[in-house]
Amino acid sequence: MSTGFTLPRPQRRARGANILPLINVVFLLLMFIVLAGVIRTPDPFALTPPVAAQGEDAPQPDPLTTLYVSGAGELRFADAAGDEAVLTEIARRASAGELASVTLRADAGAPAARVVKLVEALRSSGVGRVELQAERRP
Amino acid sequence: MAFRMTPQEKQRRGPDLTPVMDVVFILVVFFMVVSTFSDTLVKPMQVSLPGSDEPAATPDTARLTLTAAGLQLDDQPVPQDELAARLAALGGRPLAIVASADAPYKMLLDALDAAQAAGLADVKVQAQQEAGQ
């Protein structure tokens, strides 16, 4: 007759929580943000563009060809600020053939007549195409 | 006595992923802060320039005046929500949008939107001449 003698199983050391699913989710989140988001150059001053339903899809705006107009009518184009400096810079680049089109990003509250006069000034400077930028109406 | 994992135990448990998670979380926060999901569009704009070779306004050109007080189509007040229907009723007549000094830019975009929705092809924009000009 033999007596059975069994050793107790060694207790497994408690392991930390499995973080692999968390890593998967965070990587997916990262991929989504990288693919769906657009890194946009910040506006030189706070402005809220108007909304519109009709228009063409805008590619990523090029800050070097975007004319910013604040709600108070202040202008900024590339490194130039102020009416005279901005229009001089635009005329210089347009005459050098570097500026076929200008995107106008203006605050919704900017005076409309000022925007129209700016567009006239741009076309007089030799800019062939002027585009008004807006947010798509949801 | 300090606890140390044996090489065999380290191999069994795999590499420590905590630094990777730290970096990935920082990347997620960075992209969330600098990314934008806003949907922008552009409208090509045509303006009438005095003295240019563009044809002058014809007598049948409809005139939409924008003021801070509201819209006027051929000197008749028009509610904003009826603008697209009234422009569609023009039957393809040329349209001149005249922006007064006190009208906000948002109003101009709304008018251009309505003109486009109404299918008007010949739309000009001009600033209202101020008194004394």
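None of the figures in this text is laboratory data; all of them are computed from the coordinates on show. Values in this document were obtained by computation on a predicted structure and should not be read as measured data. Reconstructed Cβ throughout: ideal geometry from the backbone, glycine too, with neighbour counts over all protein chains shown.
At A:L64 and B:V20, where each label point lies 7 Å from the Cα along Cα→Cβ, what is the point-to-point distance in nanometres?
Reported label-point gap for A:L64 and B:V20 is 4.0 nm.
Modelled label-to-label distance, B:T61 and A:K117, 7 Å Cα→beta-carbon offset: nm?
2.0
Restrict the search to the range A:52-138; then list the GluC sites (Glu not before Pro) that DSSP places in a loop and that have at most 14 other Cβ atoms within 10 Å of their Cβ.
On the way: sites: A:E56, A:E74, A:E84, A:E89, A:E98, A:E120, A:E131, A:E135; in loops: A:E74, A:E98.
Hits after loop and neighbour filter: A:E98.
Evaluate the relative contact order of the range B:62-127 (contact order divided by residue number), counting alpha-carbon pairs under 8 angstrom at least 6 apart; express in whole percent. Don't jump to the answer; show the numbers that get you there.
Details: 106 pairs, mean separation 24.8, N = 66.
Relative CO of the range B:62-127 lands at 38 percent.
Using the basic label-point model (7 angstrom from Cα toward the beta carbon), what is the A:E84 to B:D39 distance in nanometres?
Label-label distance for A:E84 and B:D39, simple model: 4.4 nm.
About the Cα centre of the range A:51-136, what is the dipole size in debye to 20, counting +1 per Lys and Arg Cβ and -1 per Asp and Glu Cβ, all else neutral? It would help to have the intermediate numbers written out before the result.
Values: 9 positive and 13 negative charges, 37 e Å.
For this selection, approximately 180 debye.
Choose one of A:V86, A:Q133, A:V26: the residue whose Cα lies farthest towards the positive end of the charge dipole of chain A (beta-carbon charges +1 Lys, Arg; -1 Asp, Glu; about the Cα centre).
Working it through, the farthest residue towards the positive pole turns out to be A:V26.
Does anything in the range A:99-131 have its amide N under 14 Å from the 7 Å Cα→Cβ label point of B:A68, and if so which residues?
It comes to A:109-114, nothing else.
With 10 angstrom as the radius, rank A:F77, A:F45 by how many other C-beta atoms surround their C-beta, starting from the fewest. Could the numbers behind the result be given before it?
Numbers: A:F77 26, A:F45 14.
Fewest-to-most ranking of A:F77, A:F45: A:F45, A:F77.
Can you find, among A:S95, A:G71, A:V51, the residue farthest towards the positive end of the dipole of chain A? Put +1 on the C-beta of Lys and Arg, -1 on that of Asp and Glu.
A:V51
Give the residues of the range A:78-122 whose amide nitrogen is closer than 13 Å to a point set 7 Å from the Cα of A:R129 in the direction of its Cβ.
What the label zone holds, given the 13 Å backbone N cut-off, is A:99-104.
Rounded, prolate or oblate, given the Cα gyration tensor of the range A:51-136, with a/c below 1.5 counting as rounded? Kindly include the intermediate steps, with their values, before the conclusion.
Details: a/c = 1.70, a/b = 1.25, b/c = 1.36.
Taking the square roots of the gyration eigenvalues as a ≥ b ≥ c, the range A:51-136 is oblate.
Of B:Q76, B:P94, B:L108, which is farthest towards the positive pole of the range B:62-127's charge dipole, taken about the Cα centre with +1 and -1 on the beta-carbons of Lys, Arg and Asp, Glu respectively?
Projecting each Cα onto the dipole axis, the largest value belongs to B:P94.
Need the full-extension length gain, A:R92 to A:F45, defined as separation in residues times 0.36 nm minus the C-alpha distance. One decimal, nm.
Numbers: separation 47, 0.36 × 47 = 16.92 nm, distance 2.41 nm.
Result: 14.5 nm gained on full extension.
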